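Nothing in this text is a laboratory measurement; each read-out follows from the coordinates by a stated rule. Keep in mind the model is a prediction, meaning the values are calculated, not measured. Heads up, the Cβs are rebuilt from the backbone with ideal geometry, glycines too, and the neighbour counts pull from every protein chain shown.
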Amino acid sequence: MEKAKILDALKEGAIQEASFEDIKYLPFFEEWKNVPRGTVVIEGRVIPAYPRIARIMRIASGVPRHFKGPFFVEEKVDGYNARIAKVSGKMLAFTRSGLICPFTTDRIPDLLPTQVFNDHPQWVICAEIAGPENPYIEAHPPYVKEDVKAFVFDIIDEKGNFFPPREKWEIIKAYQLPAVENYGVFEPWEIERLYELLNRLNEEKREGIVLKSLDGGKRLKFVTPFANLHDIEVSSELLEELPPHFYINRLSRLIISLDELGKKCDDRLFYEAGKALLEGFEDALDKFKRQRRIYHTFSCRFRNPERAEALLRLLNRASSTIRVKKRALFRENGFWILTFDKVFLRSTSLLANLLRGQAVFD
């Protein structure tokens, strides 16, 4: 990227200087003159942003509308997006917004074999990091019982382009990279086959699928009914942290996907949906009455304790409405275990005002 363009972006506030250990870099925090949010300029190199993927709500009409020929279907894993690259001899992991993640960077040797970067230092591995011991999200796949695992879903070449799915899967096999599940190639008319797959994934409490054209240029996602309900369940305690349409969107997706998969709402689902919405609110109230704050506790494992401290600093800078408080950092079974609370300031303030009897307009 030209130096003049970088200077213009700095002046306009599209990028800000950031640092990690002895590395200085420039993440784009917003889209700027066709440069996507999440693009990173580092050590004279550009790490491409990972693009957003559009969602379809209806398989029967959405698939033939967007695909005129065969396409790959891969699992959509419930985790957080990381781009992993080797820069000036160091392995680094970047968040969706373009920041270097101290946690993921620290754990790269545990997440995937790194020989691929020795052979191809300009490649970028795109992976979902998922598991119960991650510092970002509450949800995780049921088959990851502890810690975290990486699931590779894309590879970016030295020119900044995605490898087509078939080539990508050959690379994954050659380097034995951990990856999302590959369900193979489908034709646009194979709707019933897709229904069978989605019904199985729903029963297995998996998040959904990503559909990719053979050249990799078109991508769409579809999530299972379970995933929509689970999103509500793990977030309903947050009250003011999420906009109301977060819940409305997931409820509408739930009903539409159930209808398409030939399922109807029954008493069990009514109970589960109500429980998912109300139990979190009740837990938040109980937690506030006991401790005067609404929070979630996280735990994750590090090789390097300094990177644990770096993660806490990163999380505290990331949001003005969330305060991160360390509980403990201790050595156990070869790792440093970090536990911390994310205190949700908006929700805490809302409950404090309501319980004090403050009048509100709604």
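General observations
- Of the cross-linked pairs Lys149/Lys218; Lys5/Lys68; Lys11/Lys326; Lys24/Lys326, those separated by over 30 Å at the C-alpha level are Lys5/Lys68; Lys11/Lys326.
- Angstrom value of the Kirkwood radius, inverse mean 1/r, which spans all Cα pairs in the chain: 22.3 Å
- Taking a ≥ b ≥ c as the square roots of the eigenvalues of the Cα gyration tensor, region 221-360 is oblate, since a/c reaches 1.5 or more and a/b is not larger than b/c.
- Relative contact order for the chain, counting Cα pairs under 8 Å that sit 6 or more residues apart, in percent: 15 percent
- Within the straight-line cut-off of under 18 Å between alpha carbons, the aspartates and glutamates reachable from Lys3 are Glu12, Glu17, Glu31, Glu43, sequence neighbours fewer than 8 places apart in one chain being disregarded.
- Nearest-0.05 FRET efficiency for Leu242 and Ser61, computed from C-beta distance (R0 25 Å): 0.30
- In the chain, the DSSP beta bridges split such that about 95 percent are antiparallel, to the nearest 5.
- Unit Cα scatterers, Debye sum, region 89-223: log10 I(q)/I(0) for q = 0.11, 0.16, 0.19 Å⁻¹: -0.45, -0.96, -1.30
- In region 109-223, the DSSP beta bridges split such that about 95 percent are antiparallel, to the nearest 5.
- Under 16 Å from the Cα of Lys159 - lysines, other chains or at least 8 residues apart: Lys86, Lys168
- Rounded to the nearest whole angstrom, the semi-axes of the ellipsoid equivalent to region 175-287, taken from the Cα gyration tensor as √(5λ), stand at 30, 18, 13, largest first.
- Residue among Lys11, Lys76, Lys149 with the largest mean-square fluctuation in a Gaussian network model of the chain, springs linking Cα atoms under 10 Å: Lys11
- Over region 30-131, the hull volume per residue, using the convex hull of the C-alpha atoms, is 155 Å³.
- If only the Cβ of Lys and Arg carry +1 and only the Cβ of Asp and Glu carry -1, the dipole of region 75-172 around its Cα centre is close to 240 debye.
- Estimated [θ] at 222 nm from DSSP helical runs (n ≥ 4, -39500 (n - 2.57)) normalised by residues in the chain, nearest 500: -11500 deg cm²/dmol
- Two-site FRET efficiency, Ser88 against Ala359, from Cβ-Cβ distance with R₀ of 41 Å, rounded to 0.05: 0.10
- Computed over region 191-252, the convex hull of the alpha-carbon atoms projects to a mean area of 5.5 nm².
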